[in-house]
Amino acid sequence: MGKTRATDRVSKREARPSRYHDKQIEQGVFAEDSQSPKTLKRVVAKTNNQIAYMSALKGRAQVIFVSGPPGTGKTYMAAHVAAEMFAAKDVRRIILARPNVPAGPTLGLFAGTLEEKIAHWAVPLIEVLTDVLGRSKVEYALKNKQIDIVPFETMRGRTFDNAFVILDEGQNTTPGEMEMFLTRLGEGCKVVVNGDMDQKDISGMSGLAHAIRVSKEFQIDGTCHVAFGMDDIVRSGICGAFTRAFWSVRSRGPGPFGKMQPVAPIPVFDAV
């Protein structure tokens with residue numbers, strides 16, 4: 001696989017389908033709207049970068065770094081493929097992790113143990129897994145730690161074997177935390193580290209940016225980076241409009257919200 005190209009597109013070798021992907025085609029597991037493990041709901045890549053991302057997810061890349069704005073499918077596509085591989089028994093576990101850096105209230109305001117607190121932040125991932133696998137299977141897997149939500153505070157010393165591992169909001173890890181996370185990986189792992197550099201809530205260098213730089217500099221085999229842009233936002237038109245607007249404001253600088261320009265008030269209208 002070697003060094004990732006400057007365009008951040010996955011190489012032909014990384015994009016080649018794995019035996020798992022061949023088995024999917026043979027079994028027809030992409031049939032729409034079914035909850036059976038043999039006929040899972042299909043996720044459709046809508047942009048060239050999403051096609052590259054899906055190729056990496058279903059190819060031979062072991063560690064996939066994916067960055068870009070919200071609404072581009074970074075988390076959804078990873079969770080969907082994780083559910084497919086779990087249903088096909090290509091992995092024994094799904095590991096979900098997220099740094100303990102709030103965008104709003106802190107974890108201390110939630111009731112329960114540390115694992116129960118962090119579970120609130122895993123809701124988007126759990127919803128995708130439930131959509132693919134069904135509620136009863138997900139609840140059973142959570143109870144038996146086949147789907148395991150792992151806080152950073154309890155991660156050191158662990159080894160993740162034969163698992164699909166998703167680190168969400170990777171831009172909020174420090175370089176030290178990212179090093180600790182990536183050195184937990186054992187045999188048979190597929191790992192996705194996603195994040196949006198424009199939504200970094202920590203000071204200093206992001207662990208995600210650091211890991212991407214290190215993997216390229218040392219040409220670490222089995223790694224790739226997929227970078228989404230504004231044209232890859234598929235969540236909704238309004239999501240794309242706000243993302244572009246906020247990015248434009250930030251680009252004016254200085255300050256965290258850019259230099260705000262005076263604008264005319266938005267007219268108020270009555271609902272029809």
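The values are calculated or read from the model by the stated rules, or taken from the named source; none is laboratory data. This is a predicted model, so every value here is computed, not measured. Positions of Cβ are backbone-derived with ideal geometry, glycine not excepted, and every protein chain shown enters the neighbour counts.
Here are V128, V123: which of them is under 15 Å from the mean Cα position of the chain (by Cα), part of a helix (DSSP H, G or I) and loosely packed, with under 13 Cβ neighbours inside 10 Å? Matching residue, one of V128, V123: V123. Residue under question is D161, and the condition is that it be in contact with a Gly (Cβ under 8 Å, 6 or more places away or on another chain) and at pLDDT 85 or above; does it hold? It is true that D161 is in contact with a Gly (Cβ under 8 Å, 6 or more places away or on another chain) and at pLDDT 85 or above. Among residues of region 66-93 that are in contact (Cβ under 8 Å) with a residue 12 or more places away in the chain and within 13 Å of Q146 (Cα to Cα), those with a beta-carbon under 9 Å from a residue that is among the β-branched types (V, I, T) and in a loop (DSSP other than H, G, I, E, B) at least six positions away or on a different chain give the pairs A82/V91; M85/V91; A87/V29. Please determine whether any residue of region 223-236 is among the small types (G, A, S), surrounded by fewer than 17 Cβ atoms within 10 Å (Cβ to Cβ) and over 22 Å from T72 (Cβ atoms). Within region 223-236, not a single residue is among the small types (G, A, S), surrounded by fewer than 17 Cβ atoms within 10 Å (Cβ to Cβ) and over 22 Å from T72 (Cβ atoms).
Can you find a residue that is under 24 Å from I51 (Cβ atoms) and touching an Asp or Glu at 6+ places or on another chain (Cβ under 6 Å) anywhere in region 238-249? No: region 238-249 contains no residue that is under 24 Å from I51 (Cβ atoms) and touching an Asp or Glu at 6+ places or on another chain (Cβ under 6 Å).
Residues that are of a type in the set (A, V, I, L, M, F, W, C), touching a strand residue (DSSP E or B) at 6+ places or on another chain (Cβ under 7 Å) and outside any helix (DSSP H, G or I) were ranked within region 70-102; the one that is farthest from L57 (Cα to Cα) is A97.
Among the residues of region 183-210, the ones that are of a type in the set (A, V, I, L, M) and over 15 Å from the mean Cα position of the chain (by Cα) come to 3 in all. What about D198, is it touching a residue at least 12 places away in the same chain (Cβ under 8 Å) and either part of a strand (DSSP E or B) or surrounded by 13 or more Cβ atoms within 10 Å (Cβ to Cβ) (or both)? Answer is yes for this residue.
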